[in-house]
There are 2 protein chains.
Amino acid sequence: MLRTHHCNELNLQHLNQKVTLAAWVKTLRDKGKIIFVDIRDKFGITQLRAEEGKSPPEVIETMRKLGREFVVQVTGTVIERASKNPDLPTGEIEIEVEHIQILNPSKVPPFLIEDETDGGEDLRMRYRYLDLRRNTIRKNLELRHRIAQATRHYLDSQGFIEVETPMLIKSTPEGARDFLVPSRMNLGEFYALPQSPQTFKQLLMVSGFDRYFQIVKCFRDEDLRADRQPEFTQIDCEMSFVTQEDVLQMFEGLIRYLFQQIKGLELPAFPRMRYDDAMRLYGSDKPDTRFGMPFVELNELVKGKGFQVFDSAELVVGICAKGCAEYTRKQLDELTEFVKRPQIGAKGLVYVKCNADGTFKSSVDKFYTETDLQQWATKMQAEKGDLLLILSGETNKVRKQLCELRLEMGNRLGLRDKNQYSCLWIIDFPLLEYNEEDKRFYAMHHPFTSPKPEDLPLLDNESEYANIKANAYDMVINGVEVGGGSIRIYQRPLQEKMLSILGFSPEEAKAQFGFLMEAFEFGAPPHGGIAFGFDRLCSLFGGADTIRDFIAFPKNNAGRDVMINSPAPISQAQLDELGIRLVNKKA
Amino acid sequence: MLRTHHCNELNLQHLNQKVTLAAWVKTLRDKGKIIFVDIRDKFGITQLRAEEGKSPPEVIETMRKLGREFVVQVTGTVIERASKNPDLPTGEIEIEVEHIQILNPSKVPPFLIEDETDGGEDLRMRYRYLDLRRNTIRKNLELRHRIAQATRHYLDSQGFIEVETPMLIKSTPEGARDFLVPSRMNLGEFYALPQSPQTFKQLLMVSGFDRYFQIVKCFRDEDLRADRQPEFTQIDCEMSFVTQEDVLQMFEGLIRYLFQQIKGLELPAFPRMRYDDAMRLYGSDKPDTRFGMPFVELNELVKGKGFQVFDSAELVVGICAKGCAEYTRKQLDELTEFVKRPQIGAKGLVYVKCNADGTFKSSVDKFYTETDLQQWATKMQAEKGDLLLILSGETNKVRKQLCELRLEMGNRLGLRDKNQYSCLWIIDFPLLEYNEEDKRFYAMHHPFTSPKPEDLPLLDNESEYANIKANAYDMVINGVEVGGGSIRIYQRPLQEKMLSILGFSPEEAKAQFGFLMEAFEFGAPPHGGIAFGFDRLCSLFGGADTIRDFIAFPKNNAGRDVMINSPAPISQAQLDELGIRLVNKKA
């Protein structure tokens, strides 16, 4: 090793020891006669010292040549500092330098390598290797490492075995768009990169592996939103001979274990919420339950009083914002603007102030009496000083709008503390979802999810499709869906029926999923599983909103790695070998 | 859970307990009045029993309907067996069935799901999910799981952090052929799948991560030999501020830890062998050192006696096969045929029998006296009863040929026991390798490998290129290269010079590796690492010759997954989206 110690290790116990450190120059202070240099490695910071007339002249000379981020190897003696720094583990000592060698010089970095950097997103991505040198980013990846190890430890201890499934698989039309890989050995044919190892993990259950897991890269060629990556990582798991309850217990156990190991938090048991209730109470299948403020439906109280907006609405629904009755005109206008933004799309916002003196003041005083408003307040469990915020319209739309307003109020009231965690299961999802554009049903989860056994008869009646519930579940933490899964179909006839409902012809079903359905005929056990979004889980543990800083080398929104400049053109020889030609983009 | 116990758990301690099992039907024995069924899960086998007149009639009826590989759920009482089976953990008990349900029937499997199957390779791959149900194959993957967990445990304990590097990167012309991925968002441009995370792990060292590892999929689009896969797995590692010695110690430690944890073996320290010595003594840079039989060069003893073949040879070299002097004409002919096979390509084989009576008998008695042969025998440390086998020709060729013959003799003499392990390091590799076809030098390891510091001046003199040694090392176990690595170049000027020697123009170097060389200018620390072939390592631990049975879903030699039938054609819409067109293969 080019060093005897890390930069966090030395203290008064090492006094007078001869040590060698190798690290990066963090700061230089040339006081004329005395030169101080702080050097930094991932472990910590140590102060070097040299003094004219005392230190060897070549040491002085070299130390004066140093710049930020130079890599140096230093040998010297541990001495006690004159002015100690109680904030550093090494703050009581410094190194009296006897020998110093520049292992590698450094140009001036394009941005500050500090927790608070002056580098913008673009610059940081271009020089990601310098960005990763910052403590904040490196600690994110160290956290990711610890979560990965703890996840494997838990699953291994529960009898799961880690199996690597293939990366070069086959394109399937259902679901998101695949990344494709032309095959040179089979010209004209393509592999696809997996969107998930779904069918393979099911086959492992058919193989009797009993419990499988993998922390695995998955790929989706989608237009990227702010916080999506074309390649992302899943904790992918599957178990045989289980009911939904077994899966929920096992993976609630995993997440509780992770919180305990990584954050030292003992979480209470995760509540379960039915999908229908989540939509009704929070307008979302991933409610942020760090705070209450549930929806209260007001149809029966508000209709027939001459207020056309409410009278014509399918749903009138509100939330009670505690202690906000004193909101100013300006604040209320902000909220109205908020819900009227195109992304949210509400037409307006009705408010009722429950004044401290017991009176009410609303934006619809023309239509409703104090008694009316009192009734609303009572139903919404409002107290004096609270503010009622009410939206109306088509049920699904108004729920989504109020969901956004509720989260906004949560933010304004400081109810969404990143260091507080509220976990729950959403259960009893619909099996199928109707798409108005395509005029067909899609699998809400995926085509391998099983219906609730009691709903099986509804599969024979198209008018009942929307009412079929699935053995599917999502884990939600702080309003983020961190994982989801289901009990799977494991019998060929049911899988065939499901694919037929999803619009597959028997030939298409066979071409795409024939191998899976054939496998179901050779003794497939009942099985189910779950997959967690690992990038998202890490960012949640790190208390961050974005996954990008929990991925070592992320891509930008155009799917580019701006550091290595990828993707990039390839040679004609490579195209020829693959038997493909570029279509003229300009044509 | 659909079961209370696994199929290996029940014994006399559970007598009279009511239990539920869920598993696969292994064997059925209908004795008329009594029916026995063995059921199997990954954990073990349990015997079920039902008796006419005693068991419920529907149980008898269902049990008579069962077939091999049916999945059943059974509830019953643990009773003592009449005739015990001492070979089974559950051999003293059986289950008196009270309730049985067929969870899924099974067609008759296309081959026997037993350790010794009647299924050929093609059939097994077509129905890989049934092949994986066989104990032998599943145990291989369980072994792989354990090796992976132990590897991570060791590296984590040594301060390595696991970082995921990207899968969608950029194509590089140096090295093997890349798999390419057309980019839809950047039409006309392509990602490449990584052949290794080499540049990324080096960038992580520049970032100050200090110690990195990853168990990671890598990809090479090569024509597949019997035991290569287009996607394969590496244990990929890198360390900062290290010398070669540090890397060797660390990863010798890893492999010794794995042998200890997985196989209960305490290995001795790994010997180190210089590349030149390995070539001279074993004709290979991955010698199988489970047995001796080193090469002995005979030039100075054999030349000038009128035997034209030896006189004209650049090298005459032999091995001594202990106790083989009694080999028959037929056996010697077999060996001659062996070395004359086109894959080996020797012109002939000279033998000398060192007879028990002290005389010699050789195939070149015409040219050499007993005294000559005695000298050979002495030099080759032969004893009475040994057989000398001698080849001659151009040095590099004859060494390769004799290497094959040595391994063949090792096989014939039973010296290559799969349960015995001989590990060593090969060090001091050449930096560059001349390619006669291209008339240029290639990096023997890769372009990022550093020369030995003392050989740096030779980089300025093309005639010395072949003599430059690298800070590179391979770990060899039982004649298999399981891992290799190097201390890297970490300074821009040296990396530029290296790329220039490899034929990169400054523009090409910048386009391909500009990001890495730029990173070297911002304080890159000295660093080095290693990568192990994980599939190969697992097969070695499993005592197998092929990696295919240590990969859950391998591809065949045409790069096809015959189970899912991949690669496959894609739709015109998919091609259009990617801006590519297929070139007519027939054209």
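Values computed for the structure shown
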{"quantity": "Those strands (runs of 3 or more DSSP E) lying entirely in the stretch A:1-118 with at least 3 residues open to solvent by 40 Å² or more (accessible area, probe 1.4 Å)", "calculated": "A:18-30, A:93-104"}
{"quantity": "Residue, nearest to A:Val37 (Cα to Cα), within the stretch A:119-135, restricted to residues that are of a type in the set (A, V, I, L, M, F, W, C) and either more than 8 Å from chain B (Cβ to nearest Cβ) or open to solvent by 10 Å² or more (accessible area, probe 1.4 Å) (or both)", "calculated": "A:Leu123"}
{"quantity": "Test: residue in the stretch B:150-172 that is closer than 26 Å to B:Tyr442 by Cα and more than 7 Å from every other protein chain (Cβ to nearest Cβ)", "calculated": "yes"}
{"quantity": "Unique match (being more than 16 Å from the chain's Cα centre (by Cα), surrounded by 19 or more Cβ atoms within 10 Å (Cβ to Cβ) and farther than 29 Å from A:Pro182 by Cα) among B:Gly542, B:Gly559, B:Gly523", "calculated": "B:Gly523"}
{"quantity": "Selection from the stretch A:316-332 of residues that are open to solvent by less than 10 Å² (accessible area, probe 1.4 Å) and over 31 Å from the mean Cα position of the chain (by Cα)", "calculated": "A:Val316, A:Cys324, A:Ala325, A:Leu332"}
{"quantity": "Pair list, Cβ under 6 Å, 6 or more apart: the stretch A:33-62 residue on the phi < 0 side of the Ramachandran plot, other residue among the acidic types (Asp, Glu) and part of a strand (DSSP E or B)", "calculated": "A:Ile34/A:Glu51; A:Ile45/A:Asp38; A:Gln47/A:Asp38; A:Gln47/A:Glu94; A:Arg49/A:Glu94; A:Arg49/A:Glu96"}
{"quantity": "Boolean, B:Tyr154 is part of a strand (DSSP E or B), under 30 Å from A:Ala552 (Cβ atoms) and not polar (S, T, N, Q)", "calculated": "no"}
{"quantity": "Test: residue in the stretch A:564-583 that is in contact (Cβ under 8 Å) with a residue 12 or more places away in the chain, open to solvent by less than 50 Å² (accessible area, probe 1.4 Å), within 12 Å of chain B (Cβ to nearest Cβ) and closer than 30 Å to A:Tyr127 by Cβ", "calculated": "no"}
{"quantity": "Pairs with Cβ under 6 Å, 6+ apart, first in the stretch A:252-276 and open to solvent by 60 Å² or more (accessible area, probe 1.4 Å), second charged (D, E, K, R)", "calculated": "A:Arg274/A:Asp428"}
{"quantity": "A:Glu189, sole failed condition from (1) open to solvent by 20 Å² or more (accessible area, probe 1.4 Å); (2) facing another protein chain (nearest Cβ under 9 Å); (3) under 24 Å from the mean Cα position of the chain (by Cα)", "calculated": "(3)"}
{"quantity": "Residue match in the stretch B:160-175 (condition: more than 30 Å from B:Pro56 (Cβ to Cβ), part of a loop (DSSP other than H, G, I, E, B), modelled with pLDDT under 95 and under 21 Å from the mean Cα position of the chain (by Cα))", "calculated": "yes"}
{"quantity": "Given (1) open to solvent by 10 Å² or more (accessible area, probe 1.4 Å); (2) in a loop (DSSP other than H, G, I, E, B), number of the condition B:Phe209 does not satisfy", "calculated": "(1)"}
{"quantity": "Subset tally (residues that are more than 14 Å from chain A (Cβ to nearest Cβ) and touching a helix residue (DSSP H, G or I) at 6+ places or on another chain (Cβ under 6 Å)) for the stretch B:229-261", "calculated": "3"}
{"quantity": "Single condition B:His445 does not satisfy, out of (1) assigned by TED's automatic domain parsing to the domain that holds B:Gly523; (2) at pLDDT 95 or above", "calculated": "(2)"}
{"quantity": "Pairs where the first residue, in the stretch A:281-299, is on the phi > 0 side of the Ramachandran plot and the second is part of a loop (DSSP other than H, G, I, E, B) and open to solvent by 30 Å² or more (accessible area, probe 1.4 Å), C-beta under 8 Å, 6+ apart", "calculated": "A:Met293/A:Lys322; A:Met293/A:Leu415"}
{"quantity": "Test for B:Leu502: is it more than 13 Å from every other protein chain (Cβ to nearest Cβ), at negative phi and surrounded by fewer than 22 Cβ atoms within 10 Å (Cβ to Cβ)", "calculated": "yes"}
{"quantity": "Residue count for the stretch A:357-370, restricted to those that are in a loop (DSSP other than H, G, I, E, B) and either open to solvent by less than 60 Å² (accessible area, probe 1.4 Å) or without any contact (Cβ under 8 Å) to a residue 60 or more places away in the chain (or both)", "calculated": "9"}
{"quantity": "B:Asp561 being within 12 Å of chain A (Cβ to nearest Cβ) and of a type in the set (D, E, K, R)", "calculated": "yes"}
{"quantity": "Test set (1) within 11 Å of the chain's Cα centre (by Cα); (2) open to solvent by 20 Å² or more (accessible area, probe 1.4 Å); (3) modelled with pLDDT of 95 or more - B:Glu518 fails condition number", "calculated": "(1)"}
{"quantity": "Residue ID - nearest to A:Gln202 (Cα to Cα), chosen from residues in the stretch A:526-538 that are away from chain B (no Cβ under 14 Å) and open to solvent by less than 10 Å² (accessible area, probe 1.4 Å)", "calculated": "A:Gly529"}
{"quantity": "Listing of strands (runs of 3 or more DSSP E) fully contained in the stretch A:427-527 that carry 1 or more residues being within 25 Å of B:Met1 (Cβ to Cβ)", "calculated": "A:472-477, A:480-487"}
{"quantity": "Unique match (being modelled with pLDDT of 95 or more, in contact with a helix residue (DSSP H, G or I) (Cβ under 7 Å, 6 or more places away or on another chain) and within 23 Å of B:Tyr421 (Cβ to Cβ)) among B:Ile530, B:Ile489", "calculated": "B:Ile530"}
{"quantity": "Search result, residues across the stretch A:119-133 that are at pLDDT below 95 and assigned to a loop (DSSP other than H, G, I, E, B)", "calculated": "A:Gly119, A:Gly120"}
{"quantity": "Lone unmet requirement of (1) more than 26 Å from A:Leu141 (Cα to Cα); (2) facing chain A (nearest Cβ under 10 Å); (3) open to solvent by 40 Å² or more (accessible area, probe 1.4 Å); (4) under 21 Å from the mean Cα position of the chain (by Cα) for B:Arg138", "calculated": "(3)"}
{"quantity": "Pick from the stretch A:173-186, criterion in contact (Cβ under 8 Å) with a residue 40 or more places away in the chain and open to solvent by 20 Å² or more (accessible area, probe 1.4 Å), ranking: nearest to the other protein chains (Cβ to nearest Cβ)", "calculated": "A:Arg184"}
{"quantity": "Number of the exception - B:Ala552 against (1) more than 7 Å from chain A (Cβ to nearest Cβ); (2) within 33 Å of the chain's Cα centre (by Cα)", "calculated": "(1)"}
{"quantity": "Count of residues meeting criterion [part of a loop (DSSP other than H, G, I, E, B) and closer than 27 Å to B:Glu383 by Cβ] in the stretch B:338-356", "calculated": "5"}
{"quantity": "Hey, A:Gln249 assigned by TED's automatic domain parsing to the domain that holds A:Ile489 and in contact with a Cys (Cβ under 9 Å, 6 or more places away or on another chain) or not", "calculated": "no"}
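The values are calculated or read from the model by the stated rules, or taken from the named source; none is laboratory data. This is a predicted model, so every value here is computed, not measured. Every residue, glycine among them, receives a Cβ derived from its backbone with ideal geometry; neighbour counts consider all protein chains shown. Quick note on the areas: whole protein, heavy atoms, side chains included, nothing else; ligands and nucleic acids left out. Shrake-Rupley method; radii C 1.70, N 1.55, O 1.52, S 1.80 Å.
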